[in-house]
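The values are calculated or read from the model by the stated rules, or taken from the named source; none is laboratory data. Note that this is a predicted model, so its numbers are computed, not measured. We place every Cβ from the backbone using ideal geometry, glycine too, and count neighbours over all the protein chains shown. Accessible surface is based on the protein model in full, side chains and every heavy atom, while ligands, DNA and RNA are left aside. Shrake-Rupley method; radii C 1.70, N 1.55, O 1.52, S 1.80 Å.
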Amino acid sequence: MKIFNKILGLLFLVIISSCEDVPDYDQEVSEPVVEAFIYEGELVDDIYLKKTVPFNIGSNIDPEPINDATIIITNNGENFILSPVMNEPGRYFYDGSDLSINIGDSYQLAFEYQGKTISSTTTIPNKPDGVLISKGLIEVPEINSLQDLRGFRESFQKTIDVTWNNSDGSYYYLVIENVEDRPSSIDPTDIFGDLGINFEFTSEPIQQGLFQLRPMIHYTQYGKHKITIYKVNEEYALLYETSAQDSRDLNEPYTNINNGLGIFSGFSSQEFYFYVIGN
């Protein structure tokens, strides 16, 4: 998955734009920005720290990573210290196997920055319930002629429906990715398959219980595909809404970080597979 790095970039536009009308911005004072996500049953390696920078019209925005933080994740009264990821400034991970991310458990993230304790807490939600995929195999013709294009239009109307129980309006999003070693594109003019680049699609957070997959939108290549449906906490959806706001209406970004900015959130997921073949 792993998630929506574009959100953090968009947040920086919101965060530092607030400095535009402040003439005496102190270069030595900055706020930490946290992008931290933990996933049920997975290793903890999606923790990023950066800091706000002054904003000048016409200048390039290049948020600085925070490389020297001592980040502690606490679960059930036990502390786990994260380590920096080599050659990836600002990224941290837990170098051990005794930190497990479990459904229903709460986790606290904390570190010191410029004399303040930066902290946040999240809880891992239940897995998506009652997930069904309408078909595990779909035929899509390769587009080599106008006749093929007419056939493809018919294929476009055939959807793969992913459904799940969502009576309480919880938030979910889906990631669809081709998992072939050498993917072959439905459209032969698409060079990405020839380059061995696997197509991947990530949806926006939704509150429905249905997602319909269509060719050339949610998948563009033949072969085996993995669908991962994530259940997310409300704080993540609120952050996404902030990042998607109109640039003419830059409001204060949502954050659940005490003494800082950004997000710390937990996820659970279910995985399914389907195959795309030619005909």
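Looking only at segment 172-189, which residues are hydroxyl-bearing (S, T, Y), open to solvent by less than 40 Å² (accessible area, probe 1.4 Å) and over 15 Å from Y275 (Cα atoms)?
If the condition is that a residue be hydroxyl-bearing (S, T, Y), open to solvent by less than 40 Å² (accessible area, probe 1.4 Å) and over 15 Å from Y275 (Cα atoms), then Y172, Y173 are the ones that fit.
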Exercise. Can you tell me how many residues in segment 35-68 are hydroxyl-bearing (S, T, Y) and either at pLDDT below 80 or farther than 18 Å from G260 by Cα (or both)?
Worked result: 2
For this session: Go through segment 68-96 residue by residue and tally those that are surrounded by fewer than 14 Cβ atoms within 10 Å (Cβ to Cβ) and in contact with a Leu (Cβ under 9 Å, 6 or more places away or on another chain).
Result: 2
